Amino acid sequence: MIGFVLIFTFVLTLILFGLILYSNYRAANNIWLSLFYLGGSSWILANILTNYSSNASKYLLFSRLTSVGAGLMSYAFLNFCISFLNKDNKIFDYRKIILFIPILFLFIIGQTKFYIESATASTFKAGFAYYFLFLILILYFSAGSFSLVKEYRRARGSRKNQIYLILVGFWLSVIPSILFEVVLPLFNIFKYVSVAPSMSIFFEIFTFIAIFRHKLLDVRVLLAKYFTYVLSLLFIMILYGFILLFSAKFIFNIAISFKLEIVLISIVSIISLSFTKIQKYFSRISNQIFYQDSYIPQEFYDSINKIILNSDDITSLIKDLTNKIQENFKCYFAGVVIDYDKKLSSYKPSSNLAEEDVKKISYLISSTKQQVLITDLLSEVRELELKEFLIQKEISLIVRLSQKKGINGQNQGYVYLSNRRSGNQYNSLDISVLNVVITEFITAVEKLLNVEEIKNLNLNLQDKINAATSDLRRSNEKLRQLDESKDDFISMASHQLRTPLTSVKGYLSMVLEGDAGKITKVQKDMLDQAFFSSQRMTYIISDLLNVSRLKTGKFVIERTKVNLAKLIEEEIGQLTETALNKKIELIYDKPKNFPDFYLDETKTRQVVMNFMDNALYYTPHGGEVRVELFNNDKTIEFRISDNGIGVPRKEQAHLFTKFYRAGNARKVRPDGTGLGLYMAKKVIIAEGGSIIFESQEGEGSTFGFEFLKDKISQKTESDN
């Protein structure tokens with residue numbers, strides 16, 4: 001009986017190993033638990049072969065092989081506990097590799113005399129590695145079970161039940177096994193060694209319960225799928241194996257050796273496993289003899305669904321469907337006719353129907369409202385012509401695709417079948433199955449027609465997009481030409497305006513300096529405003545010219561030695577009167593001994609004036625504008641800070657783009673161009689510097705620039 005229990009346990013262990021690994025071979029929990037079962041089956045098999053062996057050398061060999069299964073079980077169990085408790089899905093890391101080193105040593109040394117020096121059915125002499133195995137088993141199993149116990153105290157619900165079942169199964173299996181196979185042999189008690197492997201059945205049973213009832217692993221669906229089959233197989237093995245052995249020993253008093261016991265159990269297992277296949281084989285033969293036309297509707301439905309899923313056009317769908325109908329109903333030929341796009345389309349693999357025949361049948365069946373037309377049952381006067389024609393063409397059955405007008409409102413099609421090879425008639429089951437298939441077929445055709453319509457729509461849409469793109473290119477080319485004309489006009493107009501404007505500024509300056517005689521205070525104030533306005537116009541014209549030069553590639557930085565502190569002081573001098581008129585405090589603390597640097601004086605002066613002019617214009621009466629120039633270790637830095645209207649946060653990103661002005665700035669100063677800040681940024685970047693900008697709406701702004709001293713300490717030949 002021990003042999004039967006061992007075989008049963010071995011088979012059950014292999015089944016659980018396969019199911020758990022097959023269900024999800026990527027999950028760490030599944031891998032480690034399946035490896036535990038693999039180690040268990042290896043350990044059981046080695047024990048079976050040990051008991052089976054009468055030869056001393058083989059007995060010793062198989063006894064040593066038990067170390068492989070035992071070591072793998074302990075290693076896999078500990079890693080399963082680690083993965084299960086920590087929810088760690090990593091298969092390997094450095095800790096698991098370190099834990100495997102003693103097991104690897106055990107695998108190697110376990111096959112030598114250092115593990116077991118000698119062993120027979122009645123004698124046993126262990127080496128030092130045998131006690132090393134005992135130590136490894138105790139350590140690994142104890143560590144794993146201790147961690148489970150620790151988690152069990154904190155766990156709740158199904159997780160608590162899972163851990164409880166694992167622990168109970170583990171203790172019922174491992175503790176007796178170690179006792180029977182490790183501890184007792186140390187005291188020369190060997191008669192229970194063969195019982196030890198069968199103890200693992202407790203762990204398998206309790207693990208199975210944890211999986212099936214408490215969802216230990218994600219294999220419940222797979223177990224449910226094979227539950228009936230596995231239970232039936234195990235029941236047959238247990239029942240017939242038990243009856244066989246019980247009858248032989250207790251009824252017929254036949255002495256059965258362990259070797260014969262193994263053979264008989266193996267025969268029962270093979271018969272149990274092959275029973276269903278043998279039954280299917282003879283079932284197929286009997287069907288071919290007695291039921292030539294028989295088929296399984298569900299298998300036919302499954303094959304049709306597979307065809308529908310894999311078809312990407314109507315032609316292949318009709319072709320595959322027709323072949324499958326002909327194969328399933330065992331007729332000489334079959335065909336499908338469908339009318340879409342006002343054109344009949346048909347597929348008939350081996351019939352003698354020409355295109356005129358297909359049209360004639362379509363015409364003749366239009367006079368009847370029957371969904372199914374069986375040739376032999378057509379009896380009405382209006383059906384006689386159709387019946388005669390169908391007999392002539394050897395068509396036995398026609399099923400219309402729809403009783404309505406047809407697919408997508410078009411004329412209807414039909415499925416036609418020839419006589420069966422067996423000579424039998426089509427029955428009600430055949431017609432019912434065909435109706436189900438045709439319903440699925442109609443749905444599939446409608447979807448494919450929609451797909452084709454979308455494809456055609458996409459093609460037409462692409463043509464329209466190409467045409468629109470071409471028109472857009474032509475429009476863009478015209479716009480580019482207009483833009484070039486505009487730039488040429490701005491450049492020409494700016495050049496033409498500079499000469500008279502220079503003359504105006506010159507004469508205004510002479511009058512203000514008294515060259516034309518003494519002027520009154522009122523006259524001076526008016527002339528100052530005219531001079532300031534002409535100066536602003538000069539800067540606007542310069543901006544326009546620079547924008548034009550940027551587009552034509554003629555924007556050039558002409559570096560000369562410039563004292564920035566002096567340049568700023570001169571520009572402030574021109575704005576002092578404006579600041580006084582607006583009662584704005586203009587503060588500038590000129591740094592002493594500020595070094596000279598190589599910059600484009602004209603363009604830099606224009607940037608400074610633009611920043612200061614904006615600060616004065618957008619700061620209300622009584623405000624403050626502070627101008628600062630810093631000589632740092634590696635950089636120079638220029639800042640103009642005010643407490644004016646500021647720039648709204650959502651508009652700050654667009655501030656330095658061409659012709660852009662913030663909304664609050666347009667309200668305060670409607671006549672602005674939006675070019676000043678754009679050109680300021682272009683100039684500073686072209687000179688190798690960077691813009692400084694900080695602002696908060698309603699609290700003021702800071703504009704400025706910063707240069708690395710290394711980049712402006714020497715003159716270069718040209719800057720683009």
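The values are calculated or read from the model by the stated rules, or taken from the named source; none is laboratory data. Only a predicted model underlies this, so the values are computations on that prediction, with no experimental measurement involved. Heads up, the Cβs are rebuilt from the backbone with ideal geometry, glycines too, and the neighbour counts pull from every protein chain shown. Each accessible area value is taken on the protein alone, full model and side chains, heavy atoms only, with ligands, DNA and RNA left out. Shrake-Rupley method; radii C 1.70, N 1.55, O 1.52, S 1.80 Å.
Within the range 115-130, the set of residues being closer than 14 Å to THR66 by Cα and within 55 Å of the chain's Cα centre (by Cα) comprises TYR115, ILE116, ALA129, TYR130.
For the range 133-153, a residue qualifies if it is hydrophobic (A, V, I, L, M, F, W, C) and surrounded by 19 or more Cβ atoms within 10 Å (Cβ to Cβ), and the qualifying residues are LEU133, ILE136, LEU137, PHE141, LEU148.
Here is a check on your reading of the model: is LYS96 open to solvent by less than 60 Å² (accessible area, probe 1.4 Å), more than 24 Å from ALA56 (Cα to Cα), in a helix (DSSP H, G or I) and basic (Lys, Arg)? It is true that LYS96 is open to solvent by less than 60 Å² (accessible area, probe 1.4 Å), more than 24 Å from ALA56 (Cα to Cα), in a helix (DSSP H, G or I) and basic (Lys, Arg). Checking each residue in the range 120-145 for being among the β-branched types (Val, Ile, Thr) and assigned to a loop (DSSP other than H, G, I, E, B) picks out THR120, THR123. Residue-level check: of (1) open to solvent by 50 Å² or more (accessible area, probe 1.4 Å); (2) over 14 Å from THR66 (Cα atoms); (3) of a type in the set (A, V, I, L, M, F, W, C), ILE108 misses just (2).
So that you can scan it fast, the table gives a plain yes or no per residue for (1) more than 26 Å from THR635 (Cβ to Cβ); (2) open to solvent by less than 50 Å² (accessible area, probe 1.4 Å):
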{"site": "GLU651", "(1), (2)": "yes, yes"}
{"site": "ARG669", "(1), (2)": "yes, yes"}
{"site": "GLY672", "(1), (2)": "yes, yes"}
{"site": "GLY698", "(1), (2)": "yes, no"}
{"site": "GLU706", "(1), (2)": "no, no"}
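Among the residues making up the range 48-86, those that are more than 23 Å from LEU139 (Cα to Cα) and touching a Gly at 6+ places or on another chain (Cβ under 9 Å) are ILE48, ASN51, TYR52.
Total residues in the range 301-329 satisfying the condition of being surrounded by fewer than 15 Cβ atoms within 10 Å (Cβ to Cβ) and either over 39 Å from the mean Cα position of the chain (by Cα) or among the basic types (Lys, Arg) (or both): the figure is 2. I'd like to check something: does the range 389-406 contain any residue that is assigned to a helix (DSSP H, G or I), more than 43 Å from the chain's Cα centre (by Cα), modelled with pLDDT of 85 or more and of a type in the set (D, E, K, R)? No - not one qualifying residue is present in the range 389-406.
Taken over the range 622-635, the residue count meeting the criterion of being over 17 Å from LYS709 (Cβ atoms) and open to solvent by less than 70 Å² (accessible area, probe 1.4 Å) is 6. Figure legend. Inter-residue proximity from the range 693-720: first residues farther than 12 Å from ILE640 by Cα, second residues in a strand (DSSP E or B) and at pLDDT below 90, beta-carbon distance below 6 Å, spacing 6+ or different chains. Indicated pairs: ASP719/ILE557.
Residues that are under 17 Å from ALA579 (Cβ atoms) and out of contact with any helix residue (DSSP H, G or I) (no Cβ under 6 Å at 6 or more places or on another chain) number at least 3 in the following strands (runs of 3 or more DSSP E) confined to the range 613-720: 624-631. The condition of being surrounded by 13 or more Cβ atoms within 10 Å (Cβ to Cβ) and modelled with pLDDT under 85 does not hold for GLY169. Quick one: which of LYS592, LYS634, LYS566, LYS583 is over 17 Å from SER701 (Cβ atoms) and in contact with a Gly (Cβ under 7 Å, 6 or more places away or on another chain)? Answer to the selection: LYS583. Among the residues in the range 439-456, are any touching a Cys at 6+ places or on another chain (Cβ under 8 Å), closer than 30 Å to LYS387 by Cβ and among the polar types (S, T, N, Q)? Looking for residues that are touching a Cys at 6+ places or on another chain (Cβ under 8 Å), closer than 30 Å to LYS387 by Cβ and among the polar types (S, T, N, Q), one finds none in the range 439-456, hence no. Scanning the range 674-696 for residues that are open to solvent by 30 Å² or more (accessible area, probe 1.4 Å) and of a type in the set (D, E, K, R), we see that the one that is nearest to PHE555 (Cα to Cα) is LYS682.
Each row is one residue, and each column tells you yes or no for (1) surrounded by 18 or more Cβ atoms within 10 Å (Cβ to Cβ); (2) out of contact with any Ser or Thr (no Cβ under 9 Å at 6 or more places or on another chain); (3) among the aromatic types (Phe, Trp, Tyr); (4) more than 24 Å from ILE685 (Cα to Cα).
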position: VAL608; (1), (2), (3), (4): yes, yes, no, no
position: PRO620; (1), (2), (3), (4): no, yes, no, yes
position: GLU637; (1), (2), (3), (4): no, yes, no, no
position: VAL647; (1), (2), (3), (4): yes, no, no, no
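From the list GLY674, GLY688, GLY646, the lone residue that is on the phi > 0 side of the Ramachandran plot and modelled with pLDDT under 90 is GLY674.
The residue list TYR164, TYR131, TYR140 contains one member that is modelled with pLDDT of 85 or more and either under 30 Å from PHE114 (Cα atoms) or touching a strand residue (DSSP E or B) at 6+ places or on another chain (Cβ under 8 Å) (or both), which is TYR140. Answer yes or no as to whether ARG159 is open to solvent by less than 70 Å² (accessible area, probe 1.4 Å), among the basic types (Lys, Arg) and not in a loop (DSSP other than H, G, I, E, B). Yes.
Residues in the range 363-377 that are out of contact with any strand residue (DSSP E or B) (no Cβ under 7 Å at 6 or more places or on another chain), surrounded by 14 or more Cβ atoms within 10 Å (Cβ to Cβ) and either closer than 13 Å to LEU401 by Cβ or at pLDDT below 85 (or both): THR368, GLN370.
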